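See below for the structure under consideration.
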Amino acid sequence: MTTVFLENKTTFPKPGEQRKWFWIDAKDIVLGRLASQTAAILMGKHKPTFARSVDCGDFVVITNVDKLKLTGNKLEDKHTFYHTGYPGGAKVTSYKKLYAQRPDRMLQIAVDKMLPRSHHAHRQILRLKMYRGETHPHVVNNPKKITLP
């Protein structure tokens, strides 16, 4: 009886590969669902050549950030926290205030917390482009439209 060994080949993405552009309309989409899908695209998990050691993610353009939905009582109950490093430097901001002033920052915080804490995270979050209106300046890059359920 002859033993047959199957050869497994793992392909790694090249660092110089072209990155694709994706466009998501955030109107009436829940914040967490949008953030998780966006983080997966920024990391490159949708690609068959995904590898954690290589930064292979794509660009994501999100429009209508000011029309995001929050489920439950999160608008009143949830808040963000950071510390400046100085005594008495705790800064707490409610989501209600953040949603009124900077809804793009609210989405950026959610996506940033879903990205892994690696040396790729800073470059991945820089590929996220968010806009309040329906238009964006990245039409030249011909982004592919993604519809989320």
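Computed from the coordinates by the stated procedures, all read-outs in this text should not be read as laboratory data. Just so you know, these numbers come straight off a predicted model, no measurement behind them. Don't worry about glycine lacking a Cβ; one is built from the backbone with ideal geometry, like all the others, and counts go over all protein chains shown.
Details
- Loop-located chymotrypsin sites (Phe, Trp or Tyr not before Pro) in the range 1-64 (DSSP state not H, G, I, E or B) with no more than 10 neighbouring Cβ atoms inside 10 Å: F5.
- The range 1-126 - share of DSSP beta bridges that are antiparallel (%, nearest 5): 45 percent
- With semi-axes defined as the square roots of five times the eigenvalues of the C-alpha gyration tensor, the equivalent ellipsoid of the range 21-146 measures 25, 20, 13 Å, largest first.
- With Cα atoms, 0 to 90° folded angle of helix 103-114 axis to the chain main axis: 40 degrees
- Mean separation of Cα contacts under 8 Å, 6 or more apart, over the residue count of the range 47-149: relative contact order %: 38 percent
- With contributions of -39500 (n - 2.57) from each DSSP H run of at least four residues, the per-residue ellipticity at 222 nm computed over the chain stands at -7500 deg cm²/dmol.
- Of interest is the spacing of the C-alpha centroids, which for the range 36-55 and the range 94-144 amounts to 16 Å.
- Of the trypsin sites (Lys or Arg not before Pro) found in the range 1-101, the ones in coil according to DSSP and having at most 13 other Cβ atoms within 10 Å of their Cβ are K9, R19, K27, K45, R52.
- Listed by chain and number, the lysines whose alpha-carbon sits under 20 Å from that of K145, ignoring those within fewer than 8 places in the same chain, are K20, K27, K45, K47, K67, K69, K129.
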